[in-house]
Amino acid sequence: MSEILFLAAEAPQYKFGFVVDQPNAVSACLFYLCMGILVWVGVSRARAGLPLPEIKRIPGLEAFDEAVGRATEMGRPVHMTNYDEGIGYEDTFAYWSYMAYVAKLCAQYDTRLIVTDSSYLCNAVHQDIVRQAYLEAGRPDAFNPDDIRYISGTQFAWAMNINGIIAREKPAAQFLIGYFYAEALLIAEAGALIESIQVAATIATTQIPFFIATCDYVMIGEEMYAGAAWLSRDPIITGSVVSQDIFRIVIFVAVILGALLETFAPGHNFIKTFCNF
Amino acid sequence: MGWTRLEIWIAAFFTLAVYSYLIKENVLYRFAEHTFLALAIGRGLCLSVHLDIIPYYNTHIVEDGRWWFLLFLPLGALYYTRSFGGGKYGWLASYPICLSMGWGLGYTIARGARSTMVQLADTMGDLHVFDNLLFLLIWACVMMYFFLTVGKNSKTVGTCGKIGRYFMMIMFGAGFGNTIQGRISLFLGRLQFLLRDWIQPMIGH
Amino acid sequence: MREFLERFSEINPRIIYLVMACALIIPVLQPIGLPIVVDEETTKPVFDWIENSKPGEIVFFDVSYGGGSNAELSPQLEAWFYHCMQKGLKAVGVAQWETGAMIAGDLLKKVAAAAEADGYSAEYGVDWVFIGYKSMIWREMREDLWKTCGNTDFYGNNFEDLPLMQKVRQWTAETSKAFIIFEAGSPGVGTYLVNWADCDIYVGCVAVNVAGNQSILRSRQIKGLLAGLGGAAQYEKLLGRPGDATSLMDAQGLGHAVIIVLIVLGNISYILKKKNG
Amino acid sequence: MKREVPYILMLIMIVLRFAFEWIGPLDAWVLADGMKVRSLISWAMTWMGFGAFGLGIVNFTRVHYGNIRHRREHWMFSAYTIVLAWAYGIYGVIKGNNDPLFSTIFRVVSEPLDATMFSLLAFFIASAAYRAFRVKNLESTVMMVVAFLVMVANVPFGEMIWSSQSWLGGFSGIRTWILATPTAAVSRAISIGAFLGGVANTWRVVLGIERRHLAH
C-alpha cells in the first residue's frame with residue numbers, strides 16, 4: 001500500500017484513474033458530501049420556517065433556570081467554562097448557544113456570571129456574547145468585562161487557576177459544557193466540595209463517568225448539541241441537529257443491513273465493500 | 001538527572017503547596033497557582049520563538065530561500081485586531097481565521113470520515129459469532145437512545161433507548177473503575193519523589 | 001457501630017483524602033509483593049512484536065505525554081525501550097508533546113546506559129535516535145522526515161552525524177512496519193490512525209484512555225495496547241526485569257481496596273438511613 | 001466586503017486542500033527541490049500562525065492588568081504573575097529554551113506543579129466514587145457493579161480471589177470482555193454521534209451558515 005503511495009510518480013494506481021489509492025478514500029468523501037446536502041436542506045428549511053421533525057426534549061435543560069435561580073437566591077456567582085475550546089470547534093459553537101442563554105438569565109436576575117477561557121480568540125467572542133446579553137436585558141452597565149477571563153492554554157495551569165477561582169468565588173452554579181480531558185474531575189469535584197449545582201454536557205466519552213459522579217445533571221454525547229438547539233431555538237442549530245439525526249438513522253439501517261448481509265450472504269456485502277472503498 | 005538539594009526542596013515545597021488545597025484553599029496554593037500560570041505563559045512565549053520561528057527561519061528562509069513565507073506573518077498578526085482596537089477592526093482577524101480554517105476543513109472533508117468508515121465496516125461483523133451479535137445489539141440500542149426526532153412516541157425505540165442507557169452506564173462504570181488505577185499512579189509518582197528524593201536523604205537511609 | 005454507619009454517609013471528604021493517602025504511602029514504604037498477571041489480548045501482542053522482530057529492524061516510537069502521566073507511561077517506555085535494545089532493534093523516537101520530549105530525553109539515556117551495563121549495544125546514533133518535539137506538521141513527516149524535523153535531534157545533533165538517520169529519511173511502512181505511541185491524550189494516536197493507517201500501530205496509554213482505545217483495538221486499527229501502570233508491570237514481568245511499575249502495583253492494590261471499602265460502607269450507611277426513613 | 005472576501009478565501013483553501021488530499025496526481029506533485037506543493041501551502045499556513053506570536057502573553061497581561069487597576073481581591077498576585085511571566089518569557093527568548101536556568105525552573109517548578117495538580121485526582125476520584133456509587137436506582141447500581149468488577153480485576157488481589165485460569169477467566173477475563181464488547185460498542189455509538197456533530201458543523205461553516213466565529 002504505502003509503497004504505491006511513495007512511488008506514486010512511477011506507478012500511478014489511482015481509483016477511477018485519479019483518486020488517491022487509500023482505503024475509505026471514496027466512501028469517506030461521499031459520506032461527507034451526503035451529510036453536506038442534508039445539512040443544507042435542514043438549515044434552509046428551518047430558516048424558511050418550513051416544518052421539520054420536532055426534537056425530543058433533553059432532560060437536564062430545566063436545570064439551567066433552576067441553577068441560576070438558586071445562585072440568585074444565595075447571592076453567589078455563576079461559573080461557566082470549557083477547556084478545549086477553539087474558534088471553529090463544533091463543541092465551542094454549541095457552548096456559545098448555552099452561554100448566550102445563561103448570560104441572558106444572569107442579566108435578567110442580576111447575578112454575576114464568571115466565564116473562564118483557555119483560548120484568547122474565544123475570549124473575544126465570549127465578551128461579545130455576554131455583553132450582548134446584558135444589552136438585551138437593558139442593563140449594559142452591569143456587564144463587567146473582567147469577569148470574562150482568559151486564563152491559559154496549558155492544561156493544569158488552567159485547572160489550577162480554575163480550582164482557585166472556584167474556591168475563592170464560591171459559585172453557586174457551574175456549567176461545564178464542551179470538551180474536557182483529565183481536568184474535568186478536578187473542576188467538577190472542586191465544585192462539589194463547595195456544594196454548587198453543576199450541569200455538565202460533553203461528548204468526551206472518557207470524562208462522562210466523572211461528570212455523572214459529581215454533577216447534578218449530565219447531558220451525554222449528542223444531547224449536548226440537541227440541548228443547544230432547544231435552548232437557543234436557533235434555526236441553524238435546529239436544522240443541523242435534525243439532519244444529524246436523519247443521517248444517524250441512515251447509518252443505523254445501513255450497518256444493520258450490512259451485518260445481516262455479512263452473516264447470510266458473505267461475499268455479497270456491498271455495504272461493507274463500499275465502506276472500505 | 002542530578003537534582004541538587006535546593007532544587008528538591010523547591011519542588012517539594014510546590015508539591016505540598018498543591019496538596020494543601022485538599023485541606024483548604026490558602027495563600028500557599030494561591031502562590032503556587034500564580035507561579036505556575038506565569039511560568040506556563042512565559043514558557044509559551046519562549047517556545048514559540050525557539051521551537052517554531054527560529055528553526056523554521058533557518059530551514060525555510062535561509063536554507064531554501066523561500067523568503068516569501070515571511071509575507072504571511074503580517075496576515076497572522078491580524079489576529080491581534082480581535083483582542084485590541086475596541087472591536088472596531090475585529091473583522092480583519094477573519095482573514096487568517098478563514099484561511100487556516102479552510103485549509104483544515106479541506107483536510108477534514110477528504111480524510112475526516114475515514115476512521116469512522118473503518119469502525120462502521122467493523123461493526124458489520126458475522127453475527128454467527130455471539131460477541132459480534134451482542135456488539136451489534138448494544139451498538140444499536142445506544143444509537144436508538146440518541147434518536148432525537150424519529151420514534152419519539154414509539155415504544156420500541158423508547159425501550160431500546162432505555163436499554164442503551166443501561167449499557168452506557170456499563171461503559172461509564174468500566175471507564176471509572178479503570179481510571180482509578182491511572183489516577184493512583186499519578187499520586188504514586190509524586191509520592192516516590194517526596195519519599196525517595198526529598199525525605200529519604202534527610203533521615204539518611 | 002450502627003450509629004457510626006448511619007453517619008458515615010455524611011463523612012467529610014477530607015477524611016477520605018487522609019485514609020487514601022495513608023493507604024498509598026504505607027505500601028510504597030513497605031512493599032508486599034502481590035502477583036501480576038499478563039493480559040493476553042492487550043500486553044502480550046506488544047511484547048511479541050518486539051520479541052519476534054529481527055535485529056536491525058527499525059521501529060519508531062512517539063512520546064505523547066506530559067509530567068502528569070510520567071508515573072504511568074515512563075515505566076512502559078522504559079521496559080519497551082530496554083526490550084528493543086535487548087533485541088538489537090533500532091529505535092527512532094519523536095514526541096508530540098514538548099514535555100514528553102524533556103522527560104524521555106533524560107529517561108532514554110538512563111535506560112540505554114542500563115542496557116549497555118547489561119551487555120547490550122545501545123549506542124546513541126547507531127542503535128537509537130531521539131528526535132524530540134519539533135512542533136512539526138505531522139502529515140509531512142511521511143515524505144521528508146529530515147526537513148520536517150529541521151535536521152536536528154533532541155540533543156542538538158545534526159542528522160548528518162547520526163548513522164541511523166541515514167536509513168530513515170522518510171517515515172513510511174518501508175522504513176518501519178510498526179511503531180508504538182505512548183499517549184496520554186490529544187494529540188496522541190489519532191494523528192497516526194489517519195496518516196499511517198498502513199502501518200502496524202501499537203499504543204501504550206494511560207489507564208483512562210483504555211476504554212476508548214478498546215474500540216480501535218477491536219477494529220484492528222491498533223494491534224496491541226499497554227494499559228497504564230498495570231500494562232507496564234506486565235511488560236516488566238514478561239521481560240523478566242522488575243522495575244518501578246512492579247513495585248508500585250502493591251500501592252495500587254491497597255488504594256483500590258480503600259475505595260472499595262468506602263463504597264461498601266457508604267452503601268450500607270445509605271441503606272440503613274433509608275430504612276429508618 | 002467584510003464578509004464575502006474572507007469567506008471566498010476560505011472556500012478556495014478548502015477546495016485546494018481537498019484536491020491535494022484526494023486527487024492522486026496532485027498529491028504527488030513535487031517541486032524541483034523535492035518539496036511537495038501541498039507541504040508548501042501547509043508551511044505557509046504555519047508561518048501565518050507565527051504572525052500571532054505573543055498574543056497569548058499580551059492577552060494574559062491585559063487580564064491581570066485589569067485586576068491591578070481595579071484593585072480587585074488578590075491583585076498583588078496578579079502583579080506578581082505579570083512580572084514573573086514576562087521575566088521568564090523574555091529570559092527564555094534571549095537565552096534559548098535549552099538554557100540551564102530556564103530549563104531548571106521548568107523542571108523544578110512547572111513540572112512538579114503539573115504532575116501534582118494532576119495527581120490531586122487520586123483523592124478526588126476516591127471521594128467522587130464514594131459519593132456517586134450508591135444503590136439509589138438501577139442505573140447507578142449498574143454503574144457501581146461494573147466499576148467494582150473492573151477495579152477488582154485491575155489489582156493483584158482480584159487474581160487471588162478469582163484466578164484468571166479458572167471459569168470465565170476470572171475477574172480479569174470479565175474486565176477484558178466488558179472493555180472489548182459493551183464498552184467498545186457504546187463508545188463507538190457515542191462517538192458516531194459526536195462525529196456527526198462534527199460533520200454537520202463542518203458543513204455549517206463551509207456553506208457559510210455559521211458565522212459566529214467571525215464575530216460579525
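The values are calculated or read from the model by the stated rules, or taken from the named source; none is laboratory data. A quick note: this is a predicted structure, and the numbers were derived from the prediction, not measured. Neighbour counts run over all protein chains shown; Cβ positions are idealised from the backbone, glycine included. Each accessible area value is taken on the protein alone, full model and side chains, heavy atoms only, with ligands, DNA and RNA left out. Shrake-Rupley method; radii C 1.70, N 1.55, O 1.52, S 1.80 Å.
What does the helix-only formula give at 222 nm for chain A: each DSSP H stretch with n ≥ 4 adding -39500 (n - 2.57), the total divided by the residues, and the result rounded to the nearest 500 deg cm²/dmol?
Values: 11 runs with 159 residues, N = 277.
Theoretical 222 nm ellipticity from helices: -18500 deg cm²/dmol.
Computed 3J(HN,Hα) for the stretch A:60-67, one whole-Hz value per residue from the Karplus formula 6.51 cos²θ - 1.76 cosθ + 1.60 where θ = phi - 60°, is x, 6, 5, 5, 4, 5, 4, 5, glycine and proline marked x. The mean number of partner chain beta-carbon atoms within 10 angstrom of a residue's beta-carbon across peptide A:44-55 is 1. Couplings for the stretch C:225-236, taken from phi via the Karplus curve 6.51 cos²θ - 1.76 cosθ + 1.60 with θ = phi - 60°, read 8, 9, 9, x, 5, x, x, 5, 5, 5, 5, 4 Hz in order; Gly and Pro are left as x. Here the dipole of the stretch B:122-194 is about 460 debye; that uses its Cα centre as origin and unit charges on the Cβ of Lys and Arg (positive) and Asp and Glu (negative).
If you count, for every residue in D:89-96, the Cβ atoms of partner chains within 10 Å of its Cβ, what is the mean?
On the way: counts 11, 3, 2, 9, 9, 2, 2, 4.
So the per-residue partner count for this stretch is 5.
Taking the Cα centre of chain C as origin, work out the dipole magnitude from +1 charges on Lys and Arg Cβ and -1 charges on Asp and Glu Cβ, in debye rounded to 20.
Details: 24 positive and 31 negative charges, 196 e Å.
Dipole magnitude for chain C comes out near 940 debye.
Taking only C-alpha pairs under 8 Å that are 6+ residues apart, what is the relative contact order of chain D in percent? Walk me through the intermediate numbers first.
Details: 82 pairs, mean separation 18.7, N = 216.
Across chain D, relative contact order equals 9 percent.
Just how large is the dipole of the stretch C:158-216 about the Cα centre, in debye to the nearest 20, putting +1 at every Lys and Arg Cβ and -1 at every Asp and Glu Cβ?
Numbers: 3 positive and 6 negative charges, 14 e Å.
Dipole about the Cα centre, nearest 20: 60 debye.
When the surface is traced with a 1.4 Å probe over the full set of protein chains, A:VAL26 keeps roughly 10 Å² accessible.
Which value, in Å², gives the accessible area per residue of the protein assembly as shown when a 1.4 Å probe is used on the protein heavy atoms?
On the way: 35230 Å² over 975 residues.
Per-residue accessible area for the protein assembly as shown comes out at 36 Å².
Loop only per DSSP, at most 16 neighbouring Cβ atoms within 10 Å: give me the GluC sites (Glu not before Pro) in the stretch A:107-202, ordered by residue number. Could the numbers behind the result be given before it?
On the way: sites: A:GLU136, A:GLU169, A:GLU183, A:GLU189, A:GLU195; in loops: A:GLU195.
Passing sites in the stretch A:107-202 are A:GLU195.
Its convex hull of Cα atoms gives the stretch D:118-216 a direction-averaged projected area, equal to a quarter of the hull surface, of 10.8 nm².
Tell me, how many Å apart are the Cα centres for the stretch C:148-202 and for the stretch C:97-111? Here the two parts' Cα centres lie 15 Å apart. Summarised as an ellipsoid, the stretch B:122-194 has semi-axes of 36, 17, 8 Å, derived from the eigenvalues of the Cα gyration tensor scaled by 5 and square-rooted, with the largest first. Interface area, chains D and A: about 5000 Å² of buried accessible surface, summed, with a 1.4 Å probe and ligands, DNA and RNA left out.
Coupling constants for the stretch C:163-173 follow from the phi torsions by the Karplus curve (6.51 cos²θ - 1.76 cosθ + 1.60, θ = phi - 60°), and in residue order they are x, 4, 5, 4, 8, 10, 9, 10, 10, 10, 5 Hz; glycine and proline get x. With the cut-off at 1.5 for a/c, could you classify the protein assembly as shown from its C-alpha gyration tensor as rounded, prolate or oblate? Rounded.
How would you order A:244-254, D:96-106, C:215-225 from highest to lowest mean count of nearby Cβ atoms within 10 Å? Intermediate values should be presented prior to the final figure.
Details: A:244-254: 18.9, D:96-106: 16.0, C:215-225: 20.8.
Output ranking for A:244-254, D:96-106, C:215-225: C:215-225, A:244-254, D:96-106.
When the solvent-accessible area of the protein assembly as shown is split by element, carbon and sulfur atoms take up 63 percent of it, the probe being 1.4 Å.
In square nanometres, what is one fourth of the surface area of the convex hull spanned by the alpha carbons of the stretch A:116-245? Kindly include the intermediate steps, with their values, before the conclusion.
Numbers: hull surface 34.6 nm².
Mean projected area for the stretch A:116-245: 8.6 nm², to one decimal.
When chain C is described by a simple charge dipole with +1 on each Lys and Arg Cβ and -1 on each Asp and Glu Cβ, the residue from C:VAL63, C:PHE159, C:LEU73 located farthest towards its positive end is C:LEU73.
Under 5 Å between amide hydrogens, built in the peptide plane, is the criterion, and for D:LYS36 it picks out D:LEU31 among residues at least 5 positions away or on other chains.
Using Cα atoms only, what is the angle between the long axis of helix A:223-232 and the major principal axis of chain A, expressed in degrees (0 to 90) to the nearest 10? Result, in degrees: 60.
When each of the peptides A:40-47, A:208-215 is scored by how many other beta carbons lie within 10 Å of its residues on average, the order from highest to lowest is A:208-215, A:40-47. For the stretch C:110-142, a reduction of at least 10 Å² in accessible area between the chain on its own and the assembled protein chains (probe 1.4 Å) is found at C:TYR133, C:LYS134, C:SER135, C:ILE137, C:ARG139, C:GLU140, C:ARG142.
Ordering of B:42-49, D:29-36 by packing is B:42-49, D:29-36, highest average first (other Cβ atoms within 10 Å, averaged per residue). Per-residue shielding of C:98-105, expressed as the average number of other chain Cβ atoms within 10 Å of the residue Cβ, stands at 3. Helices of chain B meeting both criteria, an alpha-carbon length of 18 angstrom or more along the long axis and an average Kyte-Doolittle score not below 0.5, with helices taken as full DSSP H segments, are B:5-19, B:27-47, B:94-111, B:130-145. Shape verdict for the stretch C:43-241, please, from the Cα gyration tensor: rounded (a/c under 1.5), prolate (a/b greater than b/c) or oblate. Rounded, since a/c falls under 1.5.
Would you please calculate the Kirkwood hydrodynamic radius of the stretch D:1-149 over all C-alpha pairs and express it in Å, rounded to one decimal?
Working: mean 1/r = 0.0455 Å⁻¹.
Taking every pair of different Cα atoms in the stretch D:1-149, averaging 1/r and inverting gives 22.0 Å.
In chain A the Cα-Cα distances spread across 5 Å bins starting at 0 as 1, 5, 11, 13, 15, 13, 10, 9, 8, 6, 4, 3, 2, 0, 0 percent of all pairs. With viscosity 1.567 mPa s and temperature 4 °C, the Kirkwood radius over alpha carbon pairs of the stretch D:1-53 converts through Stokes-Einstein to a diffusion coefficient of 104 µm²/s.
Normalised size of chain B, defined as Cα radius of gyration per 2.2 N^0.38 Å with N residues, equals 1.64.
When shorter helices are ignored and each DSSP H run of at least 4 residues is given -39500 (n - 2.57), the per-residue value for chain D at 222 nm works out to -22500 deg cm²/dmol.
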